[in-house]
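S.K.: This is the structure, below, for whatever I ask next.
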Amino acid sequence: MRTSGLLTTVPSPRGVRPPTKLSLRAYESLDELSDLRPAWDELLSHYPAGTTFSTWEWLSCWWRCFGKNRQLLTLALFDSGSLVGVAPLSISKERVGLFSLRVLRLMGDGSGDSDNLDMPVQPGFERVFAEAILQCLRHRRKGWDVCLFNTLPRGSLIAGCLAEILSSPSWTFFEYSSKSSAVLLPESWQLYAQTLSGEDRKNLVRYTRRLQLRYSTRIYRCAEPEELPICLEALFRLHQERWQSAGQPGSFSSVERREFYVQLSRHLLTRRWLELWVLELDGEIAAVQFAFRYGKNVFQLQEGYDHTRASDRPGYVLRGEVLKRLIAEKIRTYDFLGGGDPYKARWGACERQYRQLHFAPSIGRGGAWLQCLNTAGRGKEWLRQKAPSSVWSLLHEAKGAVQRRPPARTRDDLKIPE
């Protein structure tokens, strides 16, 4: 364990005990970081914006599966020995055209598997923690080029403090946003059903009854360790078959991602956080939904259904039954996570926004790259607004032709923000 230095005592907001002895420590290995786990759990349990994505279970499993070519850097703020803030970070080398940059990210980012990434902090310590993080990153500036903090939730206590400090001339800083969506669940299924269209209310009843008439139907939540291998293998298989039938590789073509889901599911099941739901028809699994809960929130991450039975709508029926049971269990948010796909709105999802904080020291290639990226993004937006529709259509056709070529870059490539 390394200590980056003792921070001076600062005034604290009204209603929060004044700090007495602040120190920031840097952890650079998972074994070293594991000593922090009990205090991390305690801090997160009282953090208003806490989610599964900030838990030790999520991040440690992610690191074991995706951290091979990354450098761990977790910053922890202590007040008189008590943990009051944790910033799980990692550094990786990523290709940008003909050269590479050392990219500092939130731990969990870069593989396409995590949303709602955050830096849990005890309320009242947001400002001093943000200052401590940036002070430490300045001290370590030779070890990284650019920082991309992605998918910070709007409720993040530290995001606003970071954005305010980063707005100074000493930083090159841009903030972007990306879409997410979630369903706010009422107290009863009857109230929820009233929010759906008349057609969807009828279809839920009709397709559920049709499945029950055609097949021996069973819907259940995976609750025992011995059920996990069968349920997860069905998820992988159904997801892959559906996407491969559409000419796409599918998320679970990645060996690392499969192993991540296996390891993660074991840990979540132990904590009773796993929401792995299965629909069986005549004893065969026809649909699977992979989700997890934290407090009164459920986060829906992946799903698969038998695409050869699309007319039976097994995925549709399963989601309806899952929502009905979650409402009965007093879950208040069903979070679809990133993206604004139209089907989510049909289930009553409201659009939300993630914050993306991208920054680098003003002098250096990281800052220069961010400037170029932002200029290119503004040029794209200008074309979208000013170019004739015929020109914009041609550009989209050209983009589609490029995207249909065999991929020349990995998921971790840096891209111009939409």
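The values are calculated or read from the model by the stated rules, or taken from the named source; none is laboratory data. In this text, all values refer to a predicted model and were calculated from it rather than measured experimentally. With ideal geometry, Cβ positions are generated from the backbone for all residues, glycine too; neighbour counts draw on all protein chains shown.
S.K.: Given the criteria of a type in the set (D, E), under 20 Å from the mean Cα position of the chain (by Cα), crowded, with 22+ Cβ neighbours inside 10 Å and modelled with pLDDT of 95 or more, does D41 qualify?
M.R.: no
S.K.: Cβ contacts < 6 Å: first residue within 24 Å of N69 (Cβ to Cβ), restricted to region 28-39; second residue of a type in the set (V, I, T), any location; separation 6+ or different chain. Result?
M.R.: Filtered contacts from region 28-39: L33/T74.
S.K.: Something else now. Has region 204-214 got any residue that is touching a residue at least 40 places away in the same chain (Cβ under 8 Å) and exposed (fewer than 13 other Cβ atoms within 10 Å of the Cβ)? Give the steps one after another, and end with the answer.
M.R.: Start the filter on region 204-214 by keeping residues that are touching a residue at least 40 places away in the same chain (Cβ under 8 Å), which leaves 204, 207-208, 210-211, 214.
So of that shortlist, the ones also exposed (fewer than 13 other Cβ atoms within 10 Å of the Cβ) come out as 214.
Yes, some residue in region 204-214 is touching a residue at least 40 places away in the same chain (Cβ under 8 Å) and exposed (fewer than 13 other Cβ atoms within 10 Å of the Cβ).
S.K.: Somewhere in region 85-99, is a residue within 21 Å of A132 (Cβ to Cβ) and surrounded by fewer than 21 Cβ atoms within 10 Å (Cβ to Cβ)? Steps first, please.
M.R.: Pass one, region 85-99, residues within 21 Å of A132 (Cβ to Cβ): 85-91.
Right, trim to surrounded by fewer than 21 Cβ atoms within 10 Å (Cβ to Cβ) and you get 91.
Among the residues of region 85-99, at least one is within 21 Å of A132 (Cβ to Cβ) and surrounded by fewer than 21 Cβ atoms within 10 Å (Cβ to Cβ), which makes the answer yes.
S.K.: Okay, next question. Name the single residue that is surrounded by the fewest Cβ atoms within 10 Å (Cβ to Cβ) among those in region 313-359 being in a helix (DSSP H, G or I) and of a type in the set (A, V, I, L, M, F, W, C).
M.R.: Taking region 313-359 and keeping what is in a helix (DSSP H, G or I), we get 314-328, 342-346.
Filter once more, keeping what is of a type in the set (A, V, I, L, M, F, W, C): 317-318, 322-323, 326-328, 345.
Numbers: V317: 26, L318: 22, V322: 21, L323: 22, L326: 24, I327: 20, A328: 11, A345: 14.
Out of the qualifying residues, it is A328.
S.K.: Now, a different point. Return only the number of the condition from (1) assigned to a strand (DSSP E or B); (2) touching a Leu at 6+ places or on another chain (Cβ under 6 Å) that S181 does not satisfy.
M.R.: (2)
S.K.: Then there's this: Do we find that A223 is more than 23 Å from the chain's Cα centre (by Cα) and under 30 Å from P48 (Cβ atoms) in this structure? First the steps, then the outcome.
M.R.: Working: more than 23 Å from the chain's Cα centre (by Cα): yes; under 30 Å from P48 (Cβ atoms): yes.
Criteria met by A223.
S.K.: If the requirement is being modelled with pLDDT of 95 or more, among the charged types (D, E, K, R) and closer than 19 Å to L117 by Cβ, which of these qualifies: E94, E57?
M.R.: Details: E94 fails: modelled with pLDDT of 95 or more.
Step by step, each of E94, E57 is checked, and only E57 is modelled with pLDDT of 95 or more, among the charged types (D, E, K, R) and closer than 19 Å to L117 by Cβ.
S.K.: Where in region 61-153 are there strands (runs of 3 or more DSSP E), lying wholly inside it, with at least 3 residues that are over 22 Å from the mean Cα position of the chain (by Cα)?
M.R.: Values: elements: 70-79, 82-96, 99-106, 146-153.
Passing ranges, in order: 70-79, 82-96, 99-106.
S.K.: If I go through region 217-262 residue by residue, how many of them are closer than 18 Å to D306 by Cβ, out of contact with any helix residue (DSSP H, G or I) (no Cβ under 7 Å at 6 or more places or on another chain) and not in a helix (DSSP H, G or I)?
M.R.: Total satisfying the criteria: 4.
S.K.: So, P88, is that one closer than 19 Å to G143 by Cβ and of a type outside the set (F, W, Y) or not? Explain how you work it out, then say what you get.
M.R.: On the way: closer than 19 Å to G143 by Cβ: yes; of a type outside the set (F, W, Y): yes.
Yes, satisfied.
S.K.: Let me ask you something else. Does at least one position in region 121-138 carry a residue that is at pLDDT 95 or above, more than 23 Å from Y261 (Cα to Cα) and touching a His at 6+ places or on another chain (Cβ under 6 Å)?
M.R.: The answer is no, given that none of the residues of region 121-138 is at pLDDT 95 or above, more than 23 Å from Y261 (Cα to Cα) and touching a His at 6+ places or on another chain (Cβ under 6 Å).
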